[in-house]
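Every number here is computed from the coordinates shown, using simple stated rules; none is lab data. None of the values given here were measured: they were computed from a predicted structure. Neighbour counts run over all protein chains shown; Cβ positions are idealised from the backbone, glycine included.
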Amino acid sequence: MVNVVEIQLVHIGRRSPVTHGIGVPAVGCRVKGLGLSILVLLLVFLGVGISTRAAPVSGGFESPLDFKQVERIDLLVGKRLGEITVKPNPAASPEVLLRRMYLQIIGRNPTVREFEDFMEMSPSGKSTFSGLTLVEKKRKLIDQLLQSREYGMHEFNFWSEMKNEPDNQNMKLFYFWAWFKKQLNDDLPFDQLVFKMLTETGNIFEGDGVAREFRQNGNFANWFADVMLYFHGAHITCAQCHDHPFDSYNQRQYYEMTAFLRNEGHPMDNLPETLPINKVDIGKIRKRVAGDKELDGRTGALINRFAFWFSKWAQPEKTQKAGVDRLPDYFQSEEAKGDPGQLVRAKVLYGKQPDLRFPEPEEGEDPGKEQKRKVPPEEWSGNDSRIAFAQWLTARDNPRFTLMLANRLWKKTVGIGLFEPANKIKEKTKPSDPELMQALIGLVHQKDFRLKEVYRVIYNTTLFERESSMESVSFSPGMGFPGPVSRRVSAEQMWDNLMVLRNEYVGEFDGEPRPDHPSRLHPYKAYYEKGYLNFDQEQLTEYVLKVGRESRKAGMSALEYENKHLGHGGTRGAVPSPFIQANRDSLNLNGIEYKFLRASELRVPARIDHFLAHFGQSSRKELFGSVREASSTQALIMINWAEKNLFHEKGGILQVVDQREGDEKIRTLFKGTLARLPSEKELLAMKGLVAKSGRVAYRDILWALVNCNEFRSQM
Amino acid sequence: MINYTSRRTFLKQGAGMGLGLSAASAFGEPESPEALLLKHPKAKKLIYLFVDGGLSQIDSFDPKPKMGDVMMDTRVINTKLDGVQYGHYFPQLAEHIDKYCLIRSMSTGTASHGTGVYVTHRNYRPGTANHPPIGAWISRMLPTLNENLPKTVAIHERSQGLGSSGGFFWAKYAATTIPVAANGLPAGRQLADVSDDRASDRLKALKMLNEEFYRANQSNFIRDHIDVLDNTLSLLRSPDFSAFDISLESDKTRERYGDSKLGRGLLLARRLVENDVRFVEVTTSGWDHHDNIMDEMKKMGPMLDRALSALIIDLNASGLLDETLVVLTTEFGRQNHVSGKAGRDHGPGGYCQILAGGGIRPGMVYGKTAEDAQGVKDKKAKVSPEDFFVTMAYAMGLDYNRKYLNVDKREFAMNNEGKGKPLTSIFTTA
């Protein structure tokens, strides 16, 4: 294990002149056991299970709570508070704790029924928590929530910020995100999750193949910068053009890193011969179509759809990375040797160099040689540099990978990271509490990167039970944590809180997620499911001609015809965004409609005019793009829009209110929105409204409750 | 058309509900007028056009015909100024070059969008502070010109909080955001089935809930939400609300700005400035042309040309250009070589930005990019985003040296510890 003092100093360093490729030997960065790690990860990659534990089953954890770890964290938090003579905050009320657990673990408020069950206030007198102490109730609820499907929904909102949606990709990532949510719920260890995303090459419609969609990007340099920043805390992109001005790595090192992932043969070169469709001569079909007067030019698009599809999506990628990149024409490093256009071989910034089997001689080609972008095969590594990179990045011994993860988990739970900004590690980066940081890293390792297990420990700490500190607390090097930090809820939490008021069963939606947006992959998936991979020359020609003719008769393009009449098009255009839909005067919403699903089940990112965008959902144009600032548009939406569109429904909170009597109606509204009972003063004021306006006052009270600041705060 | 006036009574009752704030102060008035650097700054308002993605200088305002193939399909055209040529997508801006100042020697230290956008808007690199963008500085340092409208507005922001953020001045100084110019303010319509009486009851109930909560939880973000609610209620009450409605413009005018998102955005910006909104940012997205830049420029170049020239011409004709600074910024330029898919990659070394009005010398071209389009020819004439930022402040008369404390009590000034210097030579009143 790497100790904390070292972690502070483990940054991307220029290589030591003494050692071969180990970046931080000056402070003794340990890379012991890396070889073993690689072996382990390789086994994982090859599908050999290394876990001794079965996947958690729904309904509970198989192992008991790890009290030792819980106590350790509390001890360290207490120790720091003692050092800085700050008292811990008092224990939060059961109501505050309840709402916090729901918001934190599954991303929404408890419903009225859930509130009453936990607080043992149900009109029926029954509770699934009866006979338990508050601590036992808490433990039980944490386990239940961590195992609920909604856990994955909420975690998705958080982790999906790791992947920018490149422009013009037309929501291709839908299937990837569906897979990603499943992995979160199945608690696939985080290191394995990242490893799969970096290395999977399978058919995207089968098994884990869709993980390769993570590597879809509009621009490799941006994508690579994102990967290095998100998982590694390294802002390396500056070194693309020159030696990094503020950090200690040079331009050559940048290209040595990109060499792991950049070069790749064209997928067409590697198509398996066994599939009939790969033997089809597309050119012949093009000619045939061009010469057919019954067809219009738009039939060509159908051929492109096939050509694009069969070459890329529904077949395994057989390419491997060569481990070689080329210095750019504008190479200008002052620190490192190299000439513009020169080949460089993959090398990691620090740690043990991965095993890449390059041919002799060691150095790249003669710089004077004619420069071509394609790397000559004689320079290729004998094994796949992409795998080598993923092994290096996700290795247990890679201190930065776990450090970033542990800090992120802490920040997500407690509100402020142990170092800030939590998204970056610089030379100066020093955790506010190195011992606690070390303990968290140890925790992540001990739990084998299983996030649910890590959360389970943190949520069961005494720290998590305390009253929150105010959000204006900001990071300082010697800070302690008297309690979690209050904050405004995220865009997704705000939306989801409204969704459960509209329909308390919205979280229980199950089955195949249905996209509310067009995805470019729908037609390909339809082809795949219909077995078009087995089309031979004749069958494909016949299909194209048939669709071409029929579409012309129907007066639409071949693609439109396929989408509409052959069911290949997903739901393009069928469902406008909830915002637009909801601004129509007449709404006819029966039961759960998928546009009123939880935020995680909607298009990601939401359209810019959607509720979620207004409330600060990340636009996925850059990492960490979500914001929690107030805006007048948010206020307008809550004043004018929310009530009209969310409180008309049967099955919503107003229906529950209908079933209650007397003051209990008002209490029900407070339970469902703020997860607490009204104070005497509040009850009196609200009763006044009811006395004045009658039944309609319950809508007015609900309006005030969802507009109030407590509703948008996580305390 | 959006009609708010019928609901004015309702809204009046709700104004000032945020804990003793008067309605007039709801838009974040500075506590006292700040010292102005220029005694008589000409620019009172700013229209900030942000070209998001990195506008190619080679294809727009600084073509390099001698570079041959690199130009691809872009031809050069003459502007009204001798020896100054543009890419052929920009004939109207070429024609009206005598009305604005072109900076050809912009140069920045980042090729990453996130950092570039941040620096361009906020004059600092991203770090541990939430640095205010230009709009928030203006909002914080200058008094309002129209109490009935927000002081600052951001149109078509691609994601919230780039230019509209209040930074560490918080949301009180944040811009009102408009995602779709043609729709005006989102969710601006009142509920038809709630009587004034009930509306008043709702606001009273809300006020009580918020007061109780704030008493126990006095934090910045809660304070922020209270301020914003006040701002919003004042806004809904505003008699000048029609400023947000571009459908009131003639077909001919709308045609001149172009039937594009950008055209509508700049038209709305003009209406808002006419109604004395201090700052309007309009974002045009999708300029990150790594691929097929020629196809993109054919579509997007004329769109930008038309909309921006219409704005400048209109403001010039009405005399408003004298008191309105109009700028075009972008996070960086593009490389001098053609990338794999007929595009251009990020080129931070040399690029172009524009300033017009508000005391800026018209018909001026400042600086030159290098002959290979990959840097700045004369390093002394190099203009950093920091310089440009401070130049805007200078034009508005803002004291860019004045320090403000953020939440951690750290000091920040508009000029980022002297990193930016104003280009005084481009002012008529230097």
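List of remarks:
- The alpha-carbon of A:LYS293 sits under 25 angstrom from the alpha-carbons of these lysines, leaving out residues fewer than 8 places away in its chain: A:LYS284, A:LYS546, A:LYS553, A:LYS564.
- Summarising the amide proton neighbourhood of B:ALA413: residues at separation of 5 or more, or on other chains, whose placed amide H is nearer than 5 Å comprise B:TYR404.
- Kirkwood Rh (inverse of mean 1/r, distinct Cα pairs), segment A:380-503, angstrom: 16.5
- Exercise: per-residue mean of other protein chain Cβ atoms within 10 Å, B:215-223: 6
- Amide hydrogen proximity for B:GLY347: with H placed 1.01 Å from N in the peptide plane, the residues at 5 or more positions away or on another chain lying under 5 Å are B:GLY333, B:ARG334, B:GLN335.
- Modelled spin labels at A:ASP281 and A:LYS126, positioned 7 Å past Cα toward Cβ, are 7.3 nm from each other.
- The residues B:THR110, A:THR541, B:THR176, B:THR424, when put in order of fewest to most other Cβ atoms within 10 Å, stand as B:THR424, A:THR541, B:THR110, B:THR176.
- Amide H to amide H distances under 5 Å link B:VAL153 with B:THR176, B:PHE279, B:VAL280, B:GLU281, where only residues 5 or more positions off or on other chains count and H is placed in the peptide plane.
- Cβ-defined net charge surrounding B:LYS64, 9 Å radius [Lys, Arg +1; Asp, Glu -1]: -2
- Distance from the Cα centroid of segment B:237-270 to that of segment A:658-715 is 42 Å (rounded to whole angstrom).
- Counted residue by residue at 0.36 nm each, then reduced by the alpha carbon distance between them, the extension gain from B:SER339 to B:ASP372 reaches 10.3 nm.
- Rounded to whole Å, sorted largest first: equivalent-ellipsoid semi-axes of segment A:119-192, Cα gyration tensor: 37, 14, 9
- Residue-by-residue Karplus 3J(HN,Hα) for segment A:202-215, coefficients 6.51, -1.76, 1.60, Hz, glycine and proline x: x, 4, 6, 9, 10, x, 8, x, 5, 4, 5, 4, 4, 8
- Of A:LYS196/A:LYS424; B:LYS42/B:LYS382; A:LYS68/A:LYS126, pairs whose Cα-Cα distance is over 31 Å: A:LYS68/A:LYS126
- Prolate/oblate/rounded call for segment A:82-161, Cα gyration tensor, a/c under 1.5 rounded: oblate
- 4 °C / 1.567 mPa s Stokes-Einstein diffusion coefficient of segment B:325-430, Kirkwood radius on C-alpha pairs, µm²/s: 84
- Inter-centroid distance (Cα atoms) of segment A:419-446 relative to segment B:127-153, Å: 36
- J(HN,Hα) series, segment A:424-439, from Karplus relation 6.51 cos²θ - 1.76 cosθ + 1.60, nearest Hz, glycine and proline x: 8, 10, 10, 4, 7, 4, 9, x, 5, 9, x, 5, 5, 4, 4, 5
- Straight-line cross-link partners of B:LYS207 among the lysines, defined as a Cα under 24 Å from its Cα and at least 8 positions apart when in the same chain: A:LYS644, A:LYS665, A:LYS671, A:LYS681, A:LYS687, A:LYS692, B:LYS12, B:LYS172.
- Taking the convex hull of Cα positions in chain B, its mean projected area over all directions (nm²): 20.9
- Two-site FRET efficiency, B:ILE77 against A:LYS564, from Cβ-Cβ distance with R₀ of 51 Å, rounded to 0.05: 0.70
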